[in-house]
Every structure is written in structure tokens, then in C-alpha cells.
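Accompanying notes for the structure given below.
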């Protein structure tokens, strides 16, 4: 049993089965989720006999750093972590004046197939369990010695394709007995799976939901995002609006700017028309070129024109600041590079 993935009440039940006093559960939970230890041997206030019993019956997983790269441009740090089965995932620490933000992966690989993203090359290998998602943040906070205040589930993988583990991760991360990162400081990014978006709306979690839109219509979306062939844009947008209605959380749209694919002035006007009834924010993202794809980043002047058109139509919009461009900080790039080198 993976002990780091247990809720506090589940851990109390396990401790009860071991005929141990209930306060032991609180001690163990504190060591794992606050002090961020990697082994039972680092829990000196537990009796040795209990520690041995825990070792025999409850796995305590901890990620191992394979690579750590720091940007000379902006201090962004990218981590390549090894899982217990030898697979690798990546996470990013971004430092802002308002606090430290960590972008984590939710799966090993991704099956969504977005044609401009390195994360999808090779497809999905497996889901991450809650502890593997949590430990990306725990190890980064322990290694940096700095508090993580914001978490973005926007790395490799489609979070809503790993729904149950995602929920467990969010609830443990925001629990007052753990790191207690406010749910309002957690953002989950999705390609757009309508039934899961509606289901998430019912969970009463005040997290921010970000939709990877990347096109103003279904035709362009189908060309660059295979999932659009399964879910029509009107249904996706309806589910997104339902999320706002249930939670009151402002909607965020992610829009990767790809030269001569989705960055024209007509497309900007079409996007403004699509979003005019929503209380939302649009992040324009200069796409990160990858050698396996022939997409090119939009010219900055085209991006600025696109932004101006949205603003004239009273759409709240920003151009996302490029961070870690000198260390393969875009989703999937470092992992893909590592796998390629390992196979030589």
C-alpha cells in the first residue's frame, strides 16, 4: 500500500489495524506531508518496531533527481525525476515576485496527441498515482529550501484523463495537516474532456480550470488537437461555462501561437467572438518549436496584433512570459531528450 497517497482518515484506519494509538497517524502524516522525509528511518519519534512494520507493509515512495537544470536567463529550474519503476517525468520551478510556482506532470507521457507538444511523442505509458504527483512538489520544496505557493498541473499528461488520482492529489496537497497549499492557488489544465469537466465542477474545489483551446474553431482545432475529433468545441465550451457557473472561478484559456496556423487577425476576431460572453482570461503562448514537428513560433508582432484585437473586444489577455527557454523548459522536451540519449 502506498502510504503517501492515503488521506489522513485512511491512515488512521491503517494505524488502528496495527493496534497503534491514533496519534501515531498524525505523526506519520506530519513527517511525510510537512517535513517531507523520504524514509521511515527519518521518523525518530516512532518506535523502531512500528517503523519496521511500516517498512514491511506500506511503501513510502520518493522521487530521485536524474537531472536538474537552472536557467541563466530567469532562474527557472527544471527537474527530471526517476520513478520507482525507472520511468522518468519532469517538473519545473518558476520563481516570481509573488511566490514560487511549480508545474507538475500528471502522467508518464500523454495520449492526447497535440501535434505541437513534445509530451505526446511516444504516447502515454501510465498514470501517476497521487504520491508521485505530490512528491514532485515535495522534492522541489525540499531541494530548493523555499516554500511553494502555487501549483500548476500543466506538465506532461492530461490531468482529467487521470481523474481519481488528480482529486486525491489536490485534496492531500490542500489539506491543513499537510503543505496546506490553498486550492485557489492550484490550476489544472485540460485539453477539454466535457464529462470530466462537469464532474470536476461538482467536486466543490475552488481550483482554477484552464482550457487548452489553441484555436477559435473546431476545424483548426481538429488539425492540431486529435481530441477535437472526439469532442466538438461547442460541447467543450458548454462544459467550461458549467464549471464557472458551479464554482464562480474565472475561466482561463491557453492559446499556443503557431505561425500561419492559428495566429491570423481573422482568427483573433473569431476568437474574440467565441469568448465575448465569458468572464475569462486568455494566455497567449509563443509555441516552443520541437525538432520532431514543423511548427514555427509566431512572430512577436503578429502575437501583439492578435492581443490588441482581443483587447479591443474587451477580452482580458496576456502574452505568457517565456521562462527557461535555455534549458528545454517546455513540456516534454527534457524527458524526450533524456530518453533519446538513453536509447543510443
Among the residues of region 184-208, the number that are in contact with a strand residue (DSSP E or B) (Cβ under 9 Å, 6 or more places away or on another chain) and either crowded, with 16+ Cβ neighbours inside 10 Å or closer than 13 Å to residue 252 by Cα (or both) is 15
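Restricting to region 27-55, name every residue that is in a helix (DSSP H, G or I) and surrounded by fewer than 11 Cβ atoms within 10 Å (Cβ to Cβ). Quick ask: steps written out before the conclusion?
Step one: list which residues in region 27-55 are in a helix (DSSP H, G or I), which gives 27-33, 40-42, 48-55.
48, 49, listed by residue number.
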Of the candidates 113, 155, the one satisfying the condition of being touching a strand residue (DSSP E or B) at 6+ places or on another chain (Cβ under 6 Å) and in a loop (DSSP other than H, G, I, E, B) is 155
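Within region 270-298, track down each residue that is touching a strand residue (DSSP E or B) at 6+ places or on another chain (Cβ under 9 Å) and not in a strand (DSSP E or B).
Restricting attention to region 270-298, the residues satisfying the condition of being touching a strand residue (DSSP E or B) at 6+ places or on another chain (Cβ under 9 Å) are 271, 275, 278-289, 295-298.
Residues satisfying the conditions are 271, 275, 278, 279, 287, 288, 289, 295, 296, 298.
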Among the residues of region 132-139, is any in contact with a helix residue (DSSP H, G or I) (Cβ under 7 Å, 6 or more places away or on another chain), part of a strand (DSSP E or B) and at pLDDT 95 or above? no
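Does residue 122 count as closer than 30 Å to residue 218 by Cβ, at pLDDT 95 or above, assigned by TED's automatic domain parsing to the domain that holds residue 189 and part of a loop (DSSP other than H, G, I, E, B)?
Details: closer than 30 Å to residue 218 by Cβ: yes; at pLDDT 95 or above: no; assigned by TED's automatic domain parsing to the domain that holds residue 189: yes; part of a loop (DSSP other than H, G, I, E, B): yes.
Criteria not met by residue 122.
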Among (1) closer than 23 Å to residue 185 by Cα; (2) touching a helix residue (DSSP H, G or I) at 6+ places or on another chain (Cβ under 8 Å); (3) in contact (Cβ under 8 Å) with a residue 40 or more places away in the chain, residue 274 falls short only on (1)
Only one of 316, 308, 288 is at pLDDT below 90 and in the same structural domain as residue 214 (by TED's automatic domain parsing), namely 288
Across (1) buried (at least 16 other Cβ atoms within 10 Å of the Cβ); (2) over 29 Å from the mean Cα position of the chain (by Cα); (3) in a loop (DSSP other than H, G, I, E, B), residue 24 clears everything bar (3)
If we ask which residues in region 209-248 are in a helix (DSSP H, G or I), crowded, with 19+ Cβ neighbours inside 10 Å and in contact (Cβ under 8 Å) with a residue 60 or more places away in the chain, their number turns out to be 2
Quick count over region 171-195, residues being under 25 Å from residue 113 (Cα atoms), under 16 Å from the mean Cα position of the chain (by Cα) and outside any strand (DSSP E or B), is 3
Note: among 91, 71, just one is in the same structural domain as residue 173 (by TED's automatic domain parsing), at pLDDT below 95 and crowded, with 17+ Cβ neighbours inside 10 Å, namely 71
Here the qualifying pairs (Cβ atoms under 6 Å; residues six or more apart or on different chains; first in region 1-18 and touching a residue at least 60 places away in the same chain (Cβ under 8 Å); second surrounded by 15 or more Cβ atoms within 10 Å (Cβ to Cβ) and part of a helix (DSSP H, G or I)) come out as 2/131; 4/32; 4/131; 5/130; 5/131; 8/29
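The values are calculated or read from the model by the stated rules, or taken from the named source; none is laboratory data. Nothing here was measured: the structure is a model prediction, and the numbers come from that model. Here Cβ is always computed from backbone atoms with ideal geometry, including for glycine, and neighbour counts include all displayed protein chains.
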